[in-house]
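Worksheet: the structure to be examined is printed underneath.
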Amino acid sequence: MKIAVLGYSGSGKSLLTARLAQALELPALHLDQVHWLPGWKEQEPEAEQQQVKQFLDGHQSWVIDGNYLALWGDRRLAEADVILLLQFSRWTCLKQILKRRRQNRGRSRPSMTQGCPEKLDREFLSWVLFVGRNANRRKGYDGILARYPQKTLRFTRPKELEAWEQDFLRPRQPG
């Protein structure tokens, strides 16, 4: 089983990935841990590419969260059995980011690289509310849905995702 989780910042990609990986006993890769390394501005894109490639080459099954389509995005989407698009409202994402900030104040969250503490500044708020959900980003998500309609699920409300997750993880009776 290979699951790609994409969506808006603050939509809960990393938490969902952790829950799915644990429940299905799959290795997980949080692309925030690859991209947001200490000194990330100086990091060579090739190093990020290599790290993701090694993960993909080294695992038959996985759960990967994060948009970063420059990091083997085409391969991740093509190989995924399921693609989950989390496109919650900006206010839902903001609420979840505020909660995440309270829980991780002054330290790195589990899905982020150590040394990159949770932050909430004007630039990040602008990203969450406006820049990260611009027309090009929405068009990109629509393109994924059009290219992979049989395996892409779009969620616009947390309750929809919760219902899908409960059903997806429900033990199946043989036969």
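Sorting Phe88, Phe130, Phe124 by accessible area (1.4 Å probe), largest first, what list results?
Working: Phe88 5, Phe130 125, Phe124 35 Å².
Accessible-area ranking of Phe88, Phe130, Phe124, largest first: Phe130, Phe124, Phe88.
Compute the FRET efficiency between Ala23 and Arg102 as 1/(1 + (r/R0)^6), taking r as their Cβ-Cβ distance and R0 = 35 Å, and round to the nearest 0.05.
Values: r = 26 Å, r/R0 = 0.74.
The computed FRET efficiency comes out at 0.85.
Just to verify a number: FRET efficiency for Gln150 and Asp121, C-beta to C-beta distance, R0 = 35 Å, to 0.05?
On the way: r = 40 Å, r/R0 = 1.15.
Result of the calculation: an efficiency of 0.30.
Under 5 Å between amide hydrogens, which residues at least 5 positions from Asn67 or on another chain qualify, with H placed 1.01 Å from N in the peptide plane?
Those qualifying (amide H under 5 Å, at least 5 residues apart or on another chain) are Gly7.
Considering only Cα-Cα distances, which of the following residue pairs are longer than 25 Å: Lys53/Lys159; Lys53/Lys99; Lys99/Lys151; Lys2/Lys159; Lys13/Lys139; Lys2/Lys95? Can you show the working numbers first?
Details: Lys53/Lys159 34 Å; Lys53/Lys99 33 Å; Lys99/Lys151 31 Å; Lys2/Lys159 23 Å; Lys13/Lys139 19 Å; Lys2/Lys95 29 Å.
Violating the 25 Å Cα-Cα cut-off are Lys53/Lys159; Lys53/Lys99; Lys99/Lys151; Lys2/Lys95.
Packing-wise, with mean Cβ within 10 Å as the measure, how do 10-21, 147-158, 72-83 rank, highest first? Walk me through the numbers before you get to the answer.
Details: 10-21: 20.9, 147-158: 14.0, 72-83: 16.6.
The peptides rank, most packed first, as 10-21, 72-83, 147-158.
Just add up the charged neighbours of Gly7: K/R +1, D/E -1, any other residue whose Cβ is under 11 Å from the Cβ of Gly7.
Details: positive: Lys13, Arg133, Arg137, Arg154; negative: Asp65.
Here the count lands on +3.
Using 7 Å Cα-to-Cβ label points, what is the Arg170/Arg137 separation (nm, one decimal)?
Placing both labels 7 Å along Cα→Cβ, they lie 3.3 nm apart.
The values are calculated or read from the model by the stated rules, or taken from the named source; none is laboratory data. Fair warning: this is a prediction, and the values are worked out from it, not measured in the lab. Neighbour counts are summed over all protein chains in view; Cβ atoms, including those assigned to glycine, are modelled from backbone coordinates with ideal geometry. Accessible surface is based on the protein model in full, side chains and every heavy atom, while ligands, DNA and RNA are left aside. Shrake-Rupley method; radii C 1.70, N 1.55, O 1.52, S 1.80 Å.
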